[in-house]
1. Of everything in segment 137-165 that's surrounded by fewer than 15 Cβ atoms within 10 Å (Cβ to Cβ) and among the charged types (D, E, K, R), which residue is farthest from residue 113 (Cα to Cα)?
2. Could you pull out the residue among 188, 168, 121 that is among the charged types (D, E, K, R), under 19 Å from residue 202 (Cα atoms), more than 19 Å from the chain's Cα centre (by Cα) and surrounded by 17 or more Cβ atoms within 10 Å (Cβ to Cβ)?
3. Pick from segment 54-69 the residues that are β-branched (Val, Ile, Thr) and over 30 Å from residue 118 (Cα atoms): which of them is modelled with the highest pLDDT?
4. I'd like the full set of residues that are among the hydroxyl-bearing types (Ser, Thr, Tyr) and not in a strand (DSSP E or B), limited to segment 180-200.
5. Where in segment 59-162 are the strands (runs of 3 or more DSSP E), entirely inside, with at least 2 residues that are within 30 Å of residue 175 (Cβ to Cβ)?
6. Return only the number of the condition from (1) touching a Gly at 6+ places or on another chain (Cβ under 9 Å); (2) closer than 30 Å to residue 209 by Cα; (3) exposed (fewer than 12 other Cβ atoms within 10 Å of the Cβ) that residue 134 does not satisfy.
7. Tell me the residue from 72, 48 that is touching a Gly at 6+ places or on another chain (Cβ under 8 Å) and at pLDDT 95 or above, please.
8. Sort out which residues of segment 128-160 are within 21 Å of the chain's Cα centre (by Cα) and within 15 Å of residue 191 (Cα to Cα), and write them in order of number.
Amino acid sequence: MPRIIASTCLAALIAVLAACAPAASESPRLEVTQLAEPISFYPQQTGARWEYIRDGSTLDGVRYIEMIEGPAVIDGDIWIVSHLVGGGQDVLTYRQYRPDGVFLKRQIRPGATITFDPPMREYPAPAELRVGLTWRGDTTANGRFPSAAPDLRVQSWSVEYVYTVVDRRQVSVGGRSFEVFVIDRTVRQYDTAGAIAEELSRTTWFAPNVGVVRHENDWFLVDTNFGAGDVVQ
């Protein structure tokens, strides 16, 4: 479970160039999807898309693509859904974007659904994000594994998480320059006796109004469908 790593309902408008189906003699035409709203500090607009590649990969290598699909309802509350695909990934993530930060509720991937109760606080309020800030919390990760043996289909773990903003720096990725916050996260899983069963630490780079530039899985941002970063000359 610790490896998974991770609001108000925005009426984001999507401007789509949609043509009628081409006649048999016509070649397929380009369709362009473009955001009609500016990206927020913590991007959450429906249709926003990011493309990543692994550190050291060629630019034409496997890409990991994440897109905001829009709002969904869980237990009467509205959550914003993102969908990550590519390289064998197929993950749906449910978050809320509140005045006091970004909160992770659920992740669904083939064969597993993990729900955090209470939701994990992934980011603080925008005005609070600064070097030296630390925030932490405790949650229970409730897992459902439909294909597992009957006695393993429902599992729960006690989880503690700690985030620390360790730096703010200028980085160049994919020919573009970003000013990022470097955020370290440590997640500890506890067993039924209260002892630490597993501990995992990861680092991400987050750029305001852009999103994650370095993913915790060491993927790096190479493209978006909105203006992001300054072109390096």
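The values are calculated or read from the model by the stated rules, or taken from the named source; none is laboratory data. All figures in this text were calculated on a predicted structure; none of them were measured in a lab. Cβ: placed from backbone, ideal geometry, glycine included. Neighbour counts: every protein chain shown.
1. Across segment 137-165, the extreme among qualifying residues is 138.
2. Being among the charged types (D, E, K, R), under 19 Å from residue 202 (Cα atoms), more than 19 Å from the chain's Cα centre (by Cα) and surrounded by 17 or more Cβ atoms within 10 Å (Cβ to Cβ) holds for just one of 188, 168, 121, which is 188.
3. Here the residue is 62.
4. 192 - this is the single residue of segment 180-200 that is among the hydroxyl-bearing types (Ser, Thr, Tyr) and not in a strand (DSSP E or B).
5. 64-74, 77-86, 89-98, 112-124
6. (1)
7. Testing whether each residue is touching a Gly at 6+ places or on another chain (Cβ under 8 Å) and at pLDDT 95 or above leaves just 48.
8. If the condition is that a residue be within 21 Å of the chain's Cα centre (by Cα) and within 15 Å of residue 191 (Cα to Cα), then 138, 139, 140, 141, 142, 143, 159, 160 are the ones that fit.
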